[in-house]
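Enquirer: Have a look at this one.
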Amino acid sequence: MHSEWSRIRRALESDNHAVFKAWFAVLQRECFASGHLVLRAPTVFQADYIATKLSEALYLAAAVAAPEVRQIDVLPGLQR
């Protein structure tokens, strides 16, 4: 079974490979519960850029590939 984030990633990559590679490929899934997906970006800049410039693409991909996702947060600072 594929996680919701795996399905969203595939949708984002097939929609625009260059944007996916530049911005979305670095995101890591932190958790998913009750329709809320939390992703981590390596830096504050990346998290802010995705939230302000690419959130529509992220939500559109989620609507198609993982309709169970109703909220997405992209937070800075990858957890290790």
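Enquirer: Cβ-Cβ under 7 Å, sequence separation 6+ or interchain: first residue in the stretch 52-76 and over 18 Å from Q28 (Cα atoms) and open to solvent by 20 Å² or more (accessible area, probe 1.4 Å), partner of a type in the set (G, A, S) and not in a loop (DSSP other than H, G, I, E, B). Which pairs?
Expert: As it stands, the answer is V64/A11, since those pairs meet every condition given.
Enquirer: Would you tally the residues in the stretch 37-66 being closer than 11 Å to W5 by Cα and over 10 Å from the mean Cα position of the chain (by Cα)?
Expert: Step one: of the stretch 37-66, the residues closer than 11 Å to W5 by Cα are 37-39, 58, 61-62, 65-66.
Next cut, over 10 Å from the mean Cα position of the chain (by Cα) only: 65-66.
Qualifying residue count, the stretch 37-66: 2.
Enquirer: Out of the stretch 11-50, which residues are touching a helix residue (DSSP H, G or I) at 6+ places or on another chain (Cβ under 9 Å), free of Cβ contacts under 8 Å to residues at least 24 places away in the same chain and either over 20 Å from E68 (Cα atoms) or not acidic (D, E) (or both)?
Expert: Scanning the stretch 11-50 gives S14, F20, K21, A25, V26.
Enquirer: Working only within the stretch 27-51, note down all residues that are open to solvent by less than 50 Å² (accessible area, probe 1.4 Å), hydrophobic (A, V, I, L, M, F, W, C) and touching a Pro at 6+ places or on another chain (Cβ under 8 Å).
Expert: Within the stretch 27-51, A41, A47 qualify.
The values are calculated or read from the model by the stated rules, or taken from the named source; none is laboratory data. Keep in mind the model is a prediction, meaning the values are calculated, not measured. Note that each Cβ is placed from the backbone with ideal geometry, even for glycine, and that neighbours are counted across all protein chains shown. For the accessible areas, the whole protein counts, side chains as well, though only heavy atoms, and no ligand, DNA or RNA atoms are used. Shrake-Rupley method; radii C 1.70, N 1.55, O 1.52, S 1.80 Å.
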